[in-house]
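Q: My questions will all concern the structure given below.
Just so you know, all these numbers are worked out from the coordinates, no wet-lab data involved. Quantities reported herein were computed from a predicted structural model and do not represent experimental measurements.
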Amino acid sequence: MNNPRRSAARLTTDVLAPGNLLIGLLVVVGWHGSGGLRGIAWGLTAAAVCAGLPLGIVLLGIRRGHWTDIHVRVREQRFVPIAVAMAANLAGVALLAACGAPRPLIALVLAVICALVAGLVVTVRWKISGHTMAAGFTALVLTALWGPWLLLAFLAVPLTGWSRVVLGDHDRAQVICGALLGTAVALLVFVPLN
């Protein structure tokens, strides 16, 4: 039987997945940092290295049976994908810095690395929501760059948390802590470096 509530939660989880948010955020911040096509090119370059590469490796791992799904629901399976994402983002920030990328884009990737480290530390003992971490992080970055009217982006945070709880992938504490951690990292790392 098709459950509309679960279908809506699945769609929300898939659309607002951390990789999707990061790709969009990298492109938007690249555009913001340089403007025009040059900024979009910076953002797309960063997105390919920092998000596309880790997503591709996760998809390959799923195909080979290493991980259950694109959202890597099993906590014990998250360590390698997080390490791969950290390595890709370290390579990405080095590439961006060496090529003279806009400062906000470099600040964003450095903040993403810090978020990955924080997420990894928590994951050792507990299953925090990477989805709400990414949603809170994204909302704070957008608000920091474009001002208080983008506080509306924070509406995606409870929507994302709702979807993760409805699907049984996280409990309320895990989604709340994820949102708080993602927002805190963006505030403490991205805002000062930007």
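Q: Can you pull the three principal axis extents for the Cα set of segment 142-194, in Å, largest first?
A: Answer, in whole Å and largest first: 36, 21, 10 Å.
Q: How long are the semi-axes of the ellipsoid equivalent to segment 4-193, from square roots of 5 times the Cα gyration tensor eigenvalues, in whole Å, largest first?
A: In descending order, the three semi-axes are 25, 19, 15 Å.
Q: With viscosity set to 0.692 mPa s and temperature to 37 °C, compute the Stokes-Einstein D of segment 34-98, Rh being the Kirkwood radius across alpha carbon pairs; µm²/s, no decimals.
A: 257 µm²/s
Q: Per-residue HN-Hα couplings for segment 35-47, Karplus 6.51 cos²θ - 1.76 cosθ + 1.60 at θ = phi - 60°, whole Hz, x for Gly and Pro?
A: Rounded to whole hertz, the list is x, x, 5, 4, x, 5, 4, 4, x, 5, 4, 4, 5.
Q: Next question. Could you estimate the translational diffusion coefficient of segment 71-132 from the Stokes-Einstein equation, with Rh from the Kirkwood formula over C-alpha pairs, at 37 °C and 0.692 mPa s, in whole µm²/s?
A: D = 265 µm²/s.
Q: Considering every Cα-Cα pair within segment 1-117, what fraction, in whole percent, is farther apart than 18 Å?
A: It works out to 54 percent of all Cα pairs.
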